[in-house]
Structures are given as C-alpha cells and as structure tokens.
Amino acid sequence: MDPLEQPALERLLAERACERLVLDFVHRLDLGEPGSVADLFTEDGVWRWPEGDRLVEGRAALRAYFGGRPEDRLSRRMMANVLVTVDSPTKARATSYFTTYRVDGHTGGMVPAGPPVQIGHYEDSFREVGGTWLLSTRTLFLPFGGPTPRQRPSAA
C-alpha cells in the first residue's frame with residue numbers, strides 16, 4: 001500500500017508512536033532503567049554502530065548491553081529533528097539527531113557544564129507488531145565524539 005493511500009489519521013498515529021519510541025529510548029537511558037530500552041525493540045531487534053563494528057542482536061542481548069552501563073554514569077541526551085516516514089501500515093523509518101552530555105564517577109549533585117561528549121544521528125526502522133510499534137533496527141552515526149570524562153572526587 002502506498003503510504004499516501006493510508007488514512008491520514010492512521011499515518012499520523014504511526015508517526016507519533018515511532019517518535020515516542022525515539023524519545024522513550026533516551027529517557028530510559030538517562031532517567032530510567034537502561035536495560036529496559038530492550039523492551040522498545042522487536043524480539044529480533046538490532047542496535048548497530050558501524051564505527052568499531054558494534055552489533056547487538058535480539059532483545060536479551062540488548063537488555064544486557066544497555067543494562068551494563070556504568071552505575072556511576074550521569075547522562076542527558078538531547079533529541080532533535082525527529083523525522084518519521086511511514087512506508088506502510090506496518091513499517092516506518094526515522095532519522096533523528098542527538099547530543100549527549102555525560103560523565104562517569106558521578107556521586108551526586110550538580111556537575112559543571114562541559115561540552116557534549118557525542119553529537120550524531122540515529123537511523124531507525126520500525127515495525128508494528130500486534131498493534132504496537134517497536135524499533136526493529138537502530139543504527140548510530142557519530143561524526144563528533146570523544147571519551148566520557150570522569151568526575152573528580154570533591155575535596156571534603
């Protein structure tokens with residue numbers, strides 16, 4: 001079915017559901033339970049980062065990968081320019097831009113602002129499964145990046 005033949009309301013609801021997945025992903029990483037991002041993927045979902053040939057396949061592997069982030073990591077991701085294209089009643093894709101601020105070694109309180117650690121974009125594909133939209137693939141492209149700084153212990 002040509003996406004333009006799909007009823008406008010159905011297309012709009014699909015776009016919004018996919019956009020919400022993009023935003024929920026970073027919310028869970030920054031403010032929720034990082035391993036739970038696996039629940040946003042299809043059972044055979046894939047996360048890839050071509051730089052360094054990182055590839056994580058399947059919900060269990062995704063849960064372990066994202067759940068393994070350092071306990072003392074403080075992060076905030078800014079998402080922007082989320083452009084969702086609905087290709088059919090059960091498939092969609094999106095491109096979205098992100099900026100990541102983060103520090104390891106966080107023990108509480110406010111951290112002095114610094115430059116972002118990463119700036120890049122995601123290319124996503126989505127599938128509707130049993131009435132729910134889920135990520136089927138997420139590919140990270142990182143033209144600007146560097147190591148995560150470690151917070152210095154405060155003097156007592």
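Let's see how each residue does on (1) of a type in the set (S, T, Y); (2) closer than 22 Å to V46 by Cα; (3) under 18 Å from the mean Cα position of the chain (by Cα):
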site: Y101; (1), (2), (3): yes, no, yes
site: P115; (1), (2), (3): no, no, no
site: S125; (1), (2), (3): yes, yes, yes
site: G130; (1), (2), (3): no, yes, no
site: S136; (1), (2), (3): yes, yes, yes
Counting only residues in the range 111-120 that are modelled with pLDDT of 95 or more and open to solvent by 40 Å² or more (accessible area, probe 1.4 Å), the one farthest from V86 (Cα to Cα) is identified as P116
For residues that are assigned to a helix (DSSP H, G or I) and acidic (D, E), scanning just the range 18-37, find the one that is nearest to D104 (Cα to Cα).
-> D30
Does L12 qualify as being more than 12 Å from the chain's Cα centre (by Cα) and either modelled with pLDDT of 95 or more or part of a loop (DSSP other than H, G, I, E, B) (or both)?
-> yes
Selection within the range 41-53 - open to solvent by 60 Å² or more (accessible area, probe 1.4 Å), touching a residue at least 60 places away in the same chain (Cβ under 8 Å) and assigned to a strand (DSSP E or B) = D44, R48
What number of residues in the range 17-35 are without any contact (Cβ under 8 Å) to a residue 40 or more places away in the chain and over 25 Å from D87 (Cα atoms)?
-> 7
Residue set A92, A38, A14; condition among the small types (G, A, S), touching a Cys at 6+ places or on another chain (Cβ under 7 Å), surrounded by 15 or more Cβ atoms within 10 Å (Cβ to Cβ) and touching a residue at least 24 places away in the same chain (Cβ under 8 Å); output residue A92
Might you let me know whether the range 131-149 holds any residue that is open to solvent by 40 Å² or more (accessible area, probe 1.4 Å) and basic (K, R)?
-> no
Residue in the range 60-71 that is at positive phi, under 15 Å from the mean Cα position of the chain (by Cα) and not β-branched (V, I, T) present = no
Assuming F25 fulfils every condition listed in (1) at pLDDT below 95; (2) surrounded by 12 or more Cβ atoms within 10 Å (Cβ to Cβ) apart from one, which condition is it?
-> (1)
Hey, E71 open to solvent by 40 Å² or more (accessible area, probe 1.4 Å) and part of a strand (DSSP E or B) or not | no
Just one of (1) surrounded by fewer than 17 Cβ atoms within 10 Å (Cβ to Cβ); (2) in contact (Cβ under 8 Å) with a residue 12 or more places away in the chain; (3) in a strand (DSSP E or B) trips up E128, so point out which.
-> (1)
Please work out if V56 is touching a residue at least 40 places away in the same chain (Cβ under 8 Å) and open to solvent by less than 20 Å² (accessible area, probe 1.4 Å).
-> no
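The values are calculated or read from the model by the stated rules, or taken from the named source; none is laboratory data. Keep in mind the model is a prediction, meaning the values are calculated, not measured. Neighbour counts run over all protein chains shown; Cβ positions are idealised from the backbone, glycine included. For the accessible areas, the whole protein counts, side chains as well, though only heavy atoms, and no ligand, DNA or RNA atoms are used. Shrake-Rupley method; radii C 1.70, N 1.55, O 1.52, S 1.80 Å.
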